[in-house]
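Colleague: First the structure, which I've put down as C-alpha cells, then a few questions once you've had a look.
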C-alpha cells in the first residue's frame, strides 16, 4: 500500500508518467488480447500441418487419455472475443450435463436449411483418393457433416489408415469453415472384414463369413459414433468413387427412413468400343414369392444371399430397374438394401435397427438391417435412377 | 516510432520511470496470469450453484446449439497452468479428430484399477430419492462413471425430470473429484413407456405393449450415450433403491459379457410379523424344454412373457435359486435377463445386441436382448445370491 500511494504521489508529481500511462494501458490490453487469441482461437499454437499424431509419438493406438487431446476445464461462462468474432463451435464437453429432446431432433426434407447433422460412416478396407475427393466435393454444409471410419486390423488396413490420416489432416487444418464437424477413426475390435481379395470375395461360400464380419464392423462403427444430435446416417462404402455433388440434399429430400442409391460401375465396353456403365450392387431388392418360399424351407441358420446363381430367388433387383429416361427421383419400395450408398434416419438406428451378423429372417448384414427396419415399422426405399459409382474391380 | 524513441529518451532521463518499470511489468504479468485462469480453469465464471439450465432461460428443450454449452475452439497446444496445477480432464472435443483402438479398450475384472469407464443407464419414469442416494453411495470411482437417463414424454416424466435435475445439479456443482464424468438426459422420441400404473402394468395383456415401448426407450438411450471409450454398461432400473455399495466392482469382477443381479423386494410379513424379503424380477431365467416346445408351436409374432400363469414355461427362474447360505458370488447360466440390475460389456452392445421391440425368437426387450447376445456368441449369467432391492409396490 505504501509503495502504491508513493506511485500515486509520483504520478501526480511527474507529468511524463501521466503521458505514458495511456500507452502502457494500450500495451497491456494488446498483450491480454493476444493471450486471449492464443488460448481461445489457437493462434500461435503448433501449426496443424506440423502436428504429429499422438500415436506417432507414443507408439500406441489408444487415444482417449493422450495429452494431445486434453482440453481445459469447461467454463459455463461464454467466451467472447470482440476482436475476431470467430464462430465458436457447438461443443458439449464431456464431464458436463447434456440435455437432448429427441422429439425435437428432426430428419426433414430440408436437412441443410434445418441444420441437421449428417454422419457419414465408412468401413475402410482401402483408401481410394477418388472416394475422398468425392466426399470433399459434396455440397452439403461441411460443418454439419461428421465422418466415421472403421479400419480392419490388417496390413492393408494400416496402409489405408495412413493415407486417410494425411487426407483428413489436410482438410481439418485448412480454413475453419471448410472443416468437417467431427472425424472419428476406429480400429476394429472384432475379426477383420477385409481378409479376402476382390476376386474371391464374391464366391458364395466365403460370403457368409465376410458379410458377418462386415456386420460386426458396421455395428461397432455405428454404436461408437451416433450421437444424440445425429439426424441422418449415410452409409457410404470406401469403393464408391463418384456420386452427384448434391448427394445428401438429394437423398434427404426424399424424407424416407431408409433410402438406397443405385450402385453402378463404369467400364470400357470392349464390344461396342466405348465407355459404358453396368449394375454393380445386387443387395437392393424386393422380396419375391420364390424368395419367401425358399426361406420357409430353410433351416433356421441358413441364409439367402442375393446375386448368386446357386440361389434363384427371382427377386426384383433395383440394379435392373434403372432407366435413364425416367426421372432421377423415381422411388421403389425395397425389402433388402446394400451398404454402398444408403441413407438412414438416425431414429431408425436409435430404435434398434442394426446389422445382424447372425441370420435374421435368413438375412444378414445390410439385408438383415432392412428387415429389422421393417420390423420396427419403417419403410425401405431405393432410387433406381439415382446412380452412384463403384470403382473398377482389381485386375 | 517518433513517440517510442521519445519514450526511450525520457526513460533514460527519468529515473522514476526506470524504478516503475519492474512494477508495471509485474502488474502486466499478474493480469495475464489472471486472464489465463479465467479462461482455462473457469475461475471467476458464474458459480455452478447459481447456474440456470439453458431451458429455464430459453424455454426450450433442445440443447445442442445453446450458447451455454458452447466451447472455445480446441487448440492442439497443451494448456499448462503452473499456478494451480489442476487436473485437466480428458476431453476430446467435437470438431476434431478422435482415434480409438477398440482392441485396446478393455472390460476386465479389475475395472477400477484399469480405469474402465462404466455407463449407468436408467429409463426414468419416476424419481425415487433412494435410487439416487444408492447411486451416490457406490464406491466405484465417480470420475469413471457416466450416467444416462431417458425420460418419457408424460406428466410424471416431467416431475421425475425436475427432481433429477436438482439432484444432479447438487452433485455436479460439488467438489470436482466428486462429480460424475458425464450426465446425459434424453427426452423420449418414441411412445412413452410409463403410461401404466404399477398395478395394471403387470397384467399380461398390457405387458407386450409396455415392454415394446420400454425396448425402444432402452435403444434410444443406449445408441445416444455409448461412446468409443465405454467399457461397461450397467442397466439399472429407477425402482432399484438398494444395492451393495461395491456393486460395480463386485459385478465387473465376474468378467461376464452379460450378468444379472437378483432383484428382490423388502416387505413386512404380516403372518410372521417381521421384515422380510421376496423375489421380485422373474425375467432372469434358464430356457426349459416346455419353453422351447411352447415357442415351436407359436405363430411368428407371438411372444412368451415370463412370470404369468397363463404361460406355463416351467423355466428355472433365478429368483427362486436364491440361497442365503450359498456364496454371494455363485453364478448360474441364464437365457433371459431382466433390466433391473444387469451389467453388460460394451462390446456386446457394440457388436449389435440391442433390445428388440418386436418378437425375436418369441422374446422381446431385455429377454430378447439376452437371446441376441447369445446369437452374437456371448454368454449370459446371473448371480442368484447377489441381491438388489426393488422399491415397494404402490398401494
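Rule-based calculations on the coordinates, nothing more; no lab input. These numbers were taken from a predicted model, which means no experiment stands behind them. Because the Cβ atoms are built from the backbone with ideal geometry, glycine has one as well, and the counts that use them run over all protein chains shown.
Colleague: Within 10 Å of each residue's Cβ, count the other Cβ atoms and sort B:271, B:165 from fewest upward. Can you show the working numbers first?
Modeller: On the way: B:271 6, B:165 18.
Ordered by Cβ neighbours within 10 Å, fewest first: B:271, B:165.
Colleague: Mind checking the mean number of beta-carbon atoms from other chains within 10 Å of the Cβ atoms in A:353-363? Can you show the working numbers first?
Modeller: Numbers: counts 3, 9, 2, 4, 5, 6, 1, 4, 1, 0, 0.
Per-residue shielding by partner chains comes out at 3.
Colleague: Work out the mean other chain Cβ neighbour count within 10 Å for the residues of A:228-235 and drop it here as an integer. If you can, show how the numbers build up before the last one.
Modeller: Working: counts 11, 6, 2, 0, 0, 0, 0, 0.
That average works out to 2.
Colleague: May I ask what percent, to the nearest 5, of DSSP beta bridges between residues of segment B:188-390 are antiparallel?
Modeller: Details: 21 of 29 bridges.
Antiparallel bridges make up about 70 percent of those DSSP assigns within segment B:188-390.
Colleague: If you don't mind, there's one more thing I want to ask. Packing-wise, with mean Cβ within 10 Å as the measure, how do B:331-337, B:284-290, A:111-117, A:321-327 rank, highest first? Write out the running numbers ahead of the final one.
Modeller: On the way: B:331-337: 21.4, B:284-290: 19.4, A:111-117: 17.7, A:321-327: 11.6.
Going by the mean number of other Cβ atoms within 10 Å, highest first, we get B:331-337, B:284-290, A:111-117, A:321-327.
Colleague: Same structure, new question: As a test of the definition: which semi-axes, in Å, follow for segment A:120-390 when you take the square root of five times each eigenvalue of its alpha carbon gyration tensor? Largest first, please. Could you put the intermediate results ahead of the total?
Modeller: Details: eigenvalues 153, 94, 80 Å².
Whole-Å semi-axes of the equivalent ellipsoid: 28, 22, 20.
Colleague: In square nanometres, what is the average projected area of the Cα convex hull of segment B:257-377? Before the final figure, lay out each step's value.
Modeller: On the way: hull surface 35.6 nm².
So the Cα hull casts an average projection of 8.9 nm².
Colleague: Additional query: List the distances, in nm and shortest first, from the label point of residue A:137 to the matching label points in every other copy, placing each point 7 Å from Cα along the Cα-to-Cβ direction.
Modeller: Those separations, rounded to one decimal, come out as 6.4 nm.
Colleague: Another one. Which of A:375, A:315, B:278 comes first, and how do the rest follow, when ranked by fewest Cβ neighbours within 10 Å?
Modeller: On the way: A:375 19, A:315 24, B:278 11.
Exposure proxy ranking, most exposed first: B:278, A:375, A:315.
Colleague: 7 Å from Cα along Cα→Cβ at both residue A:329 and residue A:273: what's the point-to-point distance in nm?
Modeller: According to this spin-label approximation, the distance is 4.2 nm.
Colleague: Also, quick follow-up: In nm to one decimal, list the spacings between the residue B:358 label point and its equivalents in the other copies, with label points set 7 Å along Cα to Cβ, shortest first.
Modeller: Spelled out, the distances from residue B:358's label point are 1.7 nm.
Colleague: If you don't mind, there's one more thing I want to ask. Residue A:301 versus residue A:133, label points 7 Å from Cα toward the beta carbon: distance in nm?
Modeller: Between residue A:301 and residue A:133, the label points sit 4.7 nm apart.
Colleague: Run the numbers for residue A:114 and residue A:159: contour at 0.36 nm per residue of separation, minus the present Cα-Cα distance, in nm. Write out the running numbers ahead of the final one.
Modeller: Working: separation 45, 0.36 × 45 = 16.20 nm, distance 3.78 nm.
Roughly 12.4 nm would be gained on extension.
Colleague: Can I ask one more? Got the residue B:331 label distances to the other copies yet, label 7 Å along Cα→Cβ, in nm, shortest first?
Modeller: So the label point of residue B:331 gives 4.9 nm to the other copies.
Colleague: For segment B:348-395, what is the convex hull volume of its Cα atoms per residue in Å³? Before the final figure, lay out the partial values.
Modeller: On the way: hull volume 6.3 nm³, N = 48.
Dividing the Cα hull volume of segment B:348-395 by its residue count gives 132 Å³.
Colleague: Could you list B:349, B:390, B:137 in order of exposure, starting from the residue whose Cβ has the fewest other Cβ atoms within 10 Å?
Modeller: By the 10 Å Cβ count, ascending: B:137, B:390, B:349.
Colleague: When Cβ neighbours within 10 Å are restricted to other protein chains, what is their mean count per residue of peptide A:332-341?
Modeller: Values: counts 0, 0, 0, 0, 0, 0, 0, 0, 0, 0.
Per-residue shielding by partner chains comes out at 0.
Colleague: Shifting gears a bit: Could you give the nm distance between label points at residue B:23 and residue B:178, where each point is 7 Å from its Cα heading toward the beta carbon?
Modeller: Calculated label separation equals 4.4 nm.
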